[in-house]
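Below: one structure, written as structure tokens.
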Amino acid sequence: MNIEDFLAREKKIVDGALEKFLPTDGKPEIITKAMRYSIFAGGKRLRPILILSTYRATGGKKIEYVLPAACAVEMIHTYSLIHDDLPAMDNDDFRRGKPSCHKMFNESIAILTGDALFAKSFEVLQKTKTTPEKILKVNKILSQAVGTDGIIGGQVMDIISTSLNMDKKLLKYIHTHKTGKFISACMVIGAILADAYKDEVAALKQTGDMLGLAFQIVDDILDVKSTKETLGKSVHKDADKKKLTYPAVYGLDESVKKTLGLLEKTKKIFHKELRFRDMTELEHLAEFIINRIY
């Protein structure tokens with residue numbers, strides 16, 4: 001399996017659905033342009049792809065049924081990036097290799113664009129073809145993953161913490177909340193929509209938690225090692241702002257070891273707890289998360 005080819009195929013599917021959910025003729029015109037600009041500026045579409053791959057791995061057959069849920073998480077992810085780039089947050093002029101939303105439009109429109117995508121995500125989520133009970137369950141999982149016990153909580157602690165305080169527990173809290181819980185929720189949602197068994201959902205949540213943490217550690221590493229051209233955004237920001245990161249606390253080599261350890265644990269769970277399922281796609285996605293360069 002060529003992971004880059006696979007990601008490109010899946011991205012095309014997700015983008016096609018996003019086109020339908022974000023029409024060009026929406027009003028007001030400027031907010032429609034800003035929403036589409038931010039969504040279609042690029043991106044790996046990893047979170048929606050995790051939903052689709054987990055859905056397939058646990059027996060789901062009709063991808064078109066769950067595409068609304070996949071698109072909803074991409075809208076939430078993009079909203080979080082728009083707000084993260086704002087001068088009051090990370091103050092980054094570039095995202096996905098292009099000017100950030102607030103640079104392309106202005107700060108006020110960028111804030112409202114993020115808000116609009118967040119609101120739109122839950123509208124789109126309701127279009128998922130499943131039972132009302134599952135919609136309610138998915139809604140709860142997603143809301144928790146992006147609220148004060150997820151992205152928001154992690155972001156708050158990220159903003160008010162610095163590497164002057166080498167608190168390892170706080171560092172793990174930040175990473176598991178601002179990034180980890182959302183990635184984990186995507187895998188859980190895919191499994192629930194496929195009617196996976198409870199023990200399978202639990203195993204996928206466990207692997208999702210580990211991969212979500214690993215994803216953010218890799219982000220920390222890439223901020224140190226990569227380039228603006230490769231990442232599509234500014235680098236070396238964490239050290240400049242004295243952010244609490246894994247390289248700052250553990251060093252680069254130990255941070256890399258931690259990601260490899262999380263990958264190994266993830267694969268063990270795949271092979272043991274989910275041995276009756278075809279985990280090929282998810283295993284390759286796990287490897288991509290750990291080994292990615294962008």
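Things worth noting here:
- Test: residue in segment 281-290 that is β-branched (Val, Ile, Thr) and closer than 17 Å to LYS44 by Cα: yes
- Some residue of segment 26-36 being within 26 Å of GLY190 (Cα to Cα), surrounded by fewer than 21 Cβ atoms within 10 Å (Cβ to Cβ) and either in contact with a Lys or Arg (Cβ under 7 Å, 6 or more places away or on another chain) or without any contact (Cβ under 8 Å) to a residue 24 or more places away in the chain (or both): yes
- The residues of segment 76-104 that are in contact with a Gly (Cβ under 8 Å, 6 or more places away or on another chain) and of a type in the set (Val, Ile, Thr), listed by number, are THR78, ILE82.
- For the condition surrounded by fewer than 19 Cβ atoms within 10 Å (Cβ to Cβ) and modelled with pLDDT under 95, PHE94 qualifies.
- Counting only helices (runs of 4 or more DSSP H) wholly contained in segment 91-195, the ones carrying 2 or more residues that are out of contact with any Leu (no Cβ under 6 Å at 6 or more places or on another chain) and among the aliphatic types (A, V, I, L, M) occupy 107-125, 132-146, 151-160, 168-175, 181-193.
- Test result for GLY190, under 19 Å from the mean Cα position of the chain (by Cα) and crowded, with 19+ Cβ neighbours inside 10 Å: yes
- So ALA88, is it touching a Cys at 6+ places or on another chain (Cβ under 8 Å) and either among the β-branched types (Val, Ile, Thr) or farther than 15 Å from ALA70 by Cβ (or both): no
- Count of segment 127-162 residues which are touching a residue at least 24 places away in the same chain (Cβ under 8 Å), more than 16 Å from the chain's Cα centre (by Cα) and surrounded by fewer than 17 Cβ atoms within 10 Å (Cβ to Cβ): 6
- Filter result for the condition that a residue is charged (D, E, K, R), closer than 30 Å to LYS61 by Cα, touching a helix residue (DSSP H, G or I) at 6+ places or on another chain (Cβ under 8 Å) and modelled with pLDDT of 95 or more, over LYS268, LYS258, LYS198, LYS205: LYS205
- Filter result for TYR55 (farther than 20 Å from LYS134 by Cβ and of a type in the set (Phe, Trp, Tyr)): no
- Test for GLY60: is it at negative phi and touching a His at 6+ places or on another chain (Cβ under 9 Å): no
The values are calculated or read from the model by the stated rules, or taken from the named source; none is laboratory data. From a predicted model like this one, the values you see are computed outputs, not experimental measurements. Every residue, glycine among them, receives a Cβ derived from its backbone with ideal geometry; neighbour counts consider all protein chains shown.
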